[in-house]
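Beneath this line is the structure, given in structure tokens, with notes to follow.
The values are calculated or read from the model by the stated rules, or taken from the named source; none is laboratory data. All of these numbers come straight from a predicted model, not from anything done at the bench. Don't worry about glycine lacking a Cβ; one is built from the backbone with ideal geometry, like all the others, and counts go over all protein chains shown.
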Amino acid sequence: MPFGFDLFVFELFSLQNKYKGFKLIKKSDSPTMMFLIWFFKIITFGKSRFEKYHSLFGKTLFLGEDWDTKMLWVDKVLVIRHEEKHLEQIMSCSFGIFWLGFLIFSLMYLFLPLPAFFTFRGFWFEKEAYQEDMKNCARLNCEFNEKATVEKFLSLDYFYMFTWRKSVEKWFNDESIQT
Ligand SMILES: [Zn+2]
């Protein structure tokens, strides 16, 4: 059995137990996601990497193209735990109704804090989810790729969530010292 497979199954089942209806679908199997992949490619002049990363919509996690080909099972465990954090965040703004929580979460993720439209969007939520990644990397004895994550935050992947390299590097640095 490949390393991490059983842990992945365990984490996925416990997540599905907590959030009934949670499922994984490959982006390539979803016509809507295929449309979005091409739409983002066109509006970003080919720069979008939407086909690469995983996107949570409601209780469905749409998987990027590397899921079956390049990702290790431990990496998949990290993804499940990262998304679990986002699901908890959604529930915390849900007043008991999941989809209302998802709507409020999405609006807050995209637009707060006002009026900073160009930076720090979604940062509160991602900060907590990446703290979870760091914790799990320490637990599973795998290396948290800080450099790649910083680049991700500064890139189109997160719609340029950060504009200042120094501040995002400092944040990751402080966090990894604490973990
Ligand atoms: Zn996230």
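Every residue, every condition in (1) in contact with a Ser or Thr (Cβ under 6 Å, 6 or more places away or on another chain); (2) more than 14 Å from the ligand (Cβ to nearest atom); (3) not hydroxyl-bearing (Ser, Thr, Tyr), yes or no:
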| site | (1), (2), (3) |
| --- | --- |
| ILE80 | no, no, yes |
| SER92 | no, yes, no |
| TRP99 | no, yes, yes |
| ILE104 | no, yes, yes |
| PHE111 | no, yes, yes |
| TYR130 | no, no, no |
| ALA138 | yes, yes, yes |
| CYS142 | no, yes, yes |
| VAL168 | no, yes, yes |
Original post:
Taking helices (runs of 4 or more DSSP H) that do not extend beyond the stretch 87-179, which have at least 3 residues that are at pLDDT below 80?
Top reply: 165-178
Original post:
Taking the stretch 41-62 only, how many residues are in a loop (DSSP other than H, G, I, E, B) and either in contact (Cβ under 8 Å) with a residue 40 or more places away in the chain or within 15 Å of the ligand (Cβ to nearest atom) (or both)?
Top reply: 10
Subject >> Criterion: outside any helix (DSSP H, G or I) and exposed (fewer than 13 other Cβ atoms within 10 Å of the Cβ) - qualifying residue of ASP68, ASP6 >> reply: ASP68
